[in-house]
Structure formats: C-alpha cells, structure tokens
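Each reported figure results from applying straightforward, stated rules to the coordinates on display, with no laboratory input. What you are looking at is a predicted structure, and each value in this text was computed from that prediction instead of being measured. Counting neighbours? That spans all protein chains shown, and the Cβs are built from the backbone with ideal geometry, glycine included.
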Amino acid sequence: MWEAVIHILLLSMKSITVRGITIPTLGLGTYQLTGPANVDLMTYALESGYRQLDTAQMYQNEEEVGRAIQQSSINREDIFLTTKVLPANLGKETFLPSVEESLKKLKVDQVDLLLVHWPNSSLPLEEYITELMKAQEKGYANHIGVSNFPIALIEATLNLGANIIANQVEYHLFLDQQKLLSTCRKYDIMLTAYSPIAQGKVIGNEIVESLGKKYGKSATQISLRWLVQQDKVSAIPRSSKKERVDENADIFDFELSPKDMDLLRQLHSPSGRLVVPPDSPAWD
C-alpha cells in the first residue's frame, strides 16, 4: 500500500514550469486508445498519479478521454488536458466549430492546452494561428501551442503574437532534436515528446539495455528518464496495458549521470525519424 502511495506522490510532484505555468512532466498519450476498455485504462492512469492526458481530434477518442475524467476520483482542475486541432479543421470556417465539438466530446468547458496538430501548407499560417488565439480569447483553452512545428514556424507563430507554451514533436533516443529544443528553451516553451520510446525500438538496444542493468530499470524507463531529465522536456508515452502505464511512471526515483546522458545522445541518427507524413514540414 505504502509503495503505491509513494509512487503517486513521486509522479504528482514532478512538473515543468514554462512562462510561469506548471505542467506535469509525464503524461499519458492516448493515440489508438478507443473503446470502453481504454476508458478504464485512462481512469486507472489518473488514479495511479498521472495528471496529464493528451488527445486529439485525429485520435477519435475525445469522448473516451472525457468519460475517463468523469469516471475518475480526480478533480478536473488537477488534470492537465490537451487536445489538438485536425489539419483539415484549421481553416477560418472550421477551426472554432471543431474546437467547440471537441469540448462537447470531452465534456469540459475548457481544455488546459489546445494545439495545432500539424502545420497546413495549403493555408496561410496567420489564418489558423489567428483562430488559435481566438479560441483562447473565447475561453475554450487556458493555454495554446503547436505540434510538429520546426524552428521557422515557431518563430513565425510568435511573431504573430501567439503566446504559445508548447511544441509537441517526435523526440526519442534515436532522433536529434537539440536545435529545436534550444529554440524552445530560448522562448520558454515546453517541448513535449511523442513516440518517446521510438515505438518500442529502444527495447533490445545494447547500450540502453546495459544502462537498464546498471540502474535496475527497463530500457523503456531509461529512455523516458533521459527525456524528462532534460530541461523543458515533457513526455507522453502511450500504452494499452496497465502494467506498462505503471512502468512508464516509475522513472522519478533515480537519475542518469551526465556521462550516461551523453552516452545515450550518441544513439541519435539522421534516419531516426519515424513519423513522416507526406505533407511534413521542413525539419530542422
């Protein structure tokens, strides 16, 4: 019993501060988590200490996320809830109505963070960033941000007057994001890492596994610890199993040495990117 209590306390105490806003360091990614069983899984994650949930219009599970929040014993104000606007909904006529629909599905009046999911090259950036700011002004979102934005688009977004606090991108041991991370730190923006365990590819890697033995942790835990130990970095691993949800959260009772952090950085590869849609932006 006491181990469970300590686990929850460790997880709930870890947070990032950007622009004066406190955000849980570790969140639950919900991509592909649909149906009643996954409502129970998300509720379990909240009861276990997770306080950040990440969803998106693209995931088609906002209703399930909303039910999990209602089903849990955790107060809504203690949960940092993020959703993202589908690229097809970024136009002036569809942006705000799509956000209103998301709020209905989530059964909330406001999300904590609203993101543009991917840049849309067929629309002017100003058009959908203006709508993003309007969503914040209307109270649909407490905070706003972007996802899958390279440096040039982040700076262009800031120049439009958008007070973004986050950029959610693919980031893991095999993908170098140091240029982007440096820019995020420069502007006091959180970098949220999706696919943080490289879709399972960290498992079996000789260096990661050897460090796992050294610290008494799994390859997954070493990989997640490497991320959250970096300034301004949050991670949102996804899992459909309760034991993996617990495993992913059990990363705050140890610290990687500077030497081991550098060793893991050597795994970066130019070909490490896993998520490359046809209309991807020009990555840094």
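Under a 5 Å amide H cut-off, with hydrogens placed 1.01 Å from N, V108 pairs with nothing among residues at least 5 apart or on other chains.
Here are several values of volume of the Cα convex hull per residue in Å³: [x] 125; [y] 192; [z] 162. Which one was derived from the coordinates shown? Recomputing volume of the Cα convex hull per residue in Å³ here gives the entry labelled [x]. Coupling constants for the range 248-261 follow from the phi torsions by the Karplus curve (6.51 cos²θ - 1.76 cosθ + 1.60, θ = phi - 60°), and in residue order they are 4, 7, 8, 10, 10, 10, 8, 9, 6, 5, x, 5, 6, 4 Hz; glycine and proline get x. The DSSP beta bridges internal to the chain are antiparallel in roughly 15% of cases. Name the long-range amide H neighbours of L28: under 5 Å, sequence gap of 5 or more, or other chain; modelled H, no Pro or chain starts. For L28, whose amide H was placed from the backbone, the distant partners under 5 Å are Q52, L53, D54. Of L81, L113, L211, the residue with the greatest mean-square motion in the GNM of the chain, using alpha carbon springs below 10 Å, is L211.
The protection proxy used here, the mean number of other Cβ atoms lying within 10 Å of each residue, ranks peptides 123-131, 144-152 as follows, highest first: 144-152, 123-131.
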